[in-house]
Amino acid sequence: MKHLFATIMLLSGYFCLWAQKDTVELGSISIYAARTPNKYANTARLVKVIGKEEIAATTAQSLPELLEGALNMDIRQRGADEVQSDINMAGGSFEQVAILLNGIKLNDPQSGHHHLNLPIAPEDIERIEIFSGTTGRVHGANAFSGAINIITTKVDKNFFKARLSGGQYHFLNGGFSAGFNYDNYSSFVSLSSKNSDGYTKNTDFNITNLYYSLKNKQDFGSFTLQMGYKDKSFGAQSFYTPKYPNQFEQTKTTFAALNFESNTLVKLNSHVFWRRNQDRFELFRTSPPSWYKHHNYHLTDVYGADINASYEYKKWASAIGLEYRSENILSNVLGNQLTDTMAAPGEPLGFFTKSAYRNSLQTFVESKIKMNRFDLNGGLFSIFYSDFDWKLMGGIDLIYHISNGVSAYANYNQSIRLPSFTDLYYQGPTNVGNKYLKPEKAEHYEVGLKWLHQSIDLQSNVFYRKGTNIIDWVRITNQDLWQSANITTLNTYGAAIQLKIHLNSIFDDNFLIQNFTINYAYTNIEKSSGTFESYYSLDFLRHNASLASELKITKKLSWQWQMLFQDRNGLYDYFDEIQNKFTDLRPYESFFIINSKLRYQHNALSFFISADNLLNKTYFDLGNIEMPGRWLKAGVSIHIDYL
């Protein structure tokens, strides 16, 4: 294995010399990385853009799988195929990442476990922008350790797509989408559904997505309407405690938004949006004991509006932004006591006895100036929350362009993360919330290098993040309940490198190895508070590596593969099913898995066969929850463009 990696690195160095011939298209992509207009090449942080062609060429068949191999990403899954996945970035927790859909932040205030309840399938995605590191100055509260912006399909011609696939464990996945252009209007619609009996007991799932967008272009600007709905039900075997493994959950997510973007001298970008997430959690799917009286019911509504105005003149640009956000929850577990009991919509046995709400007003100011080879970008971000005091934060980015496509950067940024309603109010048999929690705070320092050319994307960084008042679920001994608390300080530092080489642009399109990508991230976290056992914050990936490539076997047949290596810090409380009790604390074992896919493309038709976890390795992302072994799937799709 050492010889293999040495050979690859030598080859990559050779190819880098060839790659200097031309400059990038990649670097000219406009991305949502700053309040002022910005390009991929001019961002002072690690950025990963996963485009439509790369999505089609990967082994991934769900959004979590698409993100899994990206640099600095730690996707901790409790089940297969987006049943429930927690996104952690750069050593942060799953509550510390901002999730955006077409620039609209859709974080769920109940729990970060619901952040990825988005009404889209991978086939609906135009590209994914991943920003590593604190981005509060741009994306607001909760962009503590990073942000992800998912952009849906761009409709520039009429088309129709349909797909159907199946596999082991009675897996079935089907869907269709269509795009229409007429005069100044374009629209996109997508419907998809997938289900399975599950890879082991109580891991079945049924997921349905519906998404629609309508865009109207005028001389002065454009309006975009988006609507979506997701229904997800799944067996939640041991999700929250292995003591009562036969759990079940259903979530229903509804989303609607209206966007305006101007073509005027002063660029305006504004959104009005609403997101609802309804959750029913059953601790006992069948045969509940006499002491179990009811399921947990939650309904969150998030309303918001924002506007950003930017102006660019020669080497100077400036922007000002304003965002209002209202977060509300009805529940029979979370919040303050209601005067009267309310019925839960769509749930014959469901009811709400508690509620909570909070409002926020966030403001943004940013300026950017170009000075010869330097780009300087700085700004302030303030937030007033109804539950907390007014906060003011800021940041500054500096880029030095060494040569064409090569740059060095440094940044300093601050951010906060607000406690979720679960952090504040949850009361259960194993966990107790804390309504006196304070917001988390972060100071993030980073330096890095970028080398972007037509055939190569090379990025590396070193970072340090000082986190204070960090929120985590902790306990002193395994006899205690888990309690949410503000850990005094977490010092997180790490280094990462990302290298992608497009060999088909160096040689020709028929070259055997079309491209390959190598990612490696090292992270370490030091705590400076009392002795405790941490449920999330100290369970980070110390070593995270991936290697992916696409091989062109024939003109129509390609082979995609991905190798992942993860070495996780931390311990989990091992539950012995035979003794029916927790017995000891065990370290997470490192693991190495391979995913592979063969794809045959013939005109409008595409066929594939894939193998996830090809070597059938046993591994755990979270606690006692075993992830799937080898899983074979195959499918067909058709894409037709028409006038």
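Bear in mind these aren't lab numbers, they're just calculated from the coordinates by the rules spelled out. Computed from a predicted model, the values in this text were never measured in an experiment. A quick note on method: Cβ atoms are made from the backbone with ideal geometry, for glycine too, and the neighbour counts reach across all protein chains shown.
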(request) Round to the nearest 0.05 the FRET efficiency obtained for residue 634 and residue 181 when R0 = 35 Å and r is the Cβ-Cβ distance. (result) 0.60
(message) Please give me, ordered by residue number, the trypsin sites (Lys or Arg not before Pro) of region 509-556 that lie in loop per DSSP and have at most 15 other Cβ atoms within 10 Å.
(response) 555, 556
(request) For n ≥ 4 DSSP H runs only, could you compute -39500 (n - 2.57) per run for the chain, divide by its residues and tell me the 222 nm figure to the nearest 500? (result) -1500 deg cm²/dmol
(request) Would you please classify the overall shape of region 12-642 from the alpha carbon gyration tensor, given that a ≥ b ≥ c denote the square roots of the eigenvalues, rounded means a/c under 1.5, and beyond that prolate means a/b larger than b/c while oblate covers the rest? (result) rounded
(message) Given R₀ = 35 Å, what would the calculated FRET efficiency be for residue 170 paired with residue 307, taking r from the Cβ atoms and rounding to 0.05?
(response) 0.15
(request) With label points built 7 Å along Cα→Cβ from the Cα atoms of residue 557 and residue 218, find their separation and express it in nm. (result) 5.5
(message) Using the basic label-point model (7 angstrom from Cα toward the beta carbon), what is the residue 200 to residue 567 distance in nanometres?
(response) 2.6
(request) Determine, for 124, 340, the number of other Cβ atoms within 10 Å of each Cβ, and report the residues in order from fewest to most. (result) 340, 124
(message) Once you place label points 7 Å from the Cα toward the Cβ at residue 511 and residue 376, how far apart are they in nm?
(response) 4.1
(message) Run the Debye formula on the Cα coordinates of region 412-546, all scatterers equal and no solvent, and tell me log10 I(q)/I(0) at q = 0.18, 0.20 1/Å.
(response) -1.00, -1.13
(message) Please list, in order along region 285-296, the HN-Hα scalar couplings obtained from phi with the Karplus expression 6.51 cos²θ - 1.76 cosθ + 1.60 (θ = phi - 60°), rounded to whole Hz, x for Gly and Pro.
(response) 5, 9, 6, x, x, 5, 6, 8, 9, 6, 7, 8
(message) Need one word for region 261-343: rounded, prolate or oblate. Basis is the Cα gyration tensor (sqrt eigenvalues a ≥ b ≥ c); a/c below 1.5 gives rounded, then a/b vs b/c decides.
(response) prolate
(message) Once you order the gyration tensor axes a ≥ b ≥ c over the Cα atoms, which shape class does region 103-262 get: rounded for a/c under 1.5, otherwise prolate or oblate by comparing a/b with b/c?
(response) oblate
(request) Treat the count of other C-beta atoms within 10 Å as a stand-in for reagent exposure and order 266, 155 from fewest to most. (result) 266, 155
(request) Assuming R0 = 41 Å, can you tell me the calculated FRET efficiency for the pair residue 369 and residue 495, based on Cβ-Cβ distance, to the nearest 0.05? (result) 0.90
(request) Give, in nm to one decimal, the length gained when the segment between residue 256 and residue 398 is fully stretched (0.36 nm per residue of separation minus the Cα-Cα distance). (result) 47.4 nm
(request) Could you give the size of the charge dipole of the chain about its Cα centre, using +1 on the Cβ of each K and R and -1 on the Cβ of each D and E, expressed in debye and rounded to the nearest 20? (result) 780
(request) Determine, for 194, 450, the number of other Cβ atoms within 10 Å of each Cβ, and report the residues in order from fewest to most. (result) 194, 450
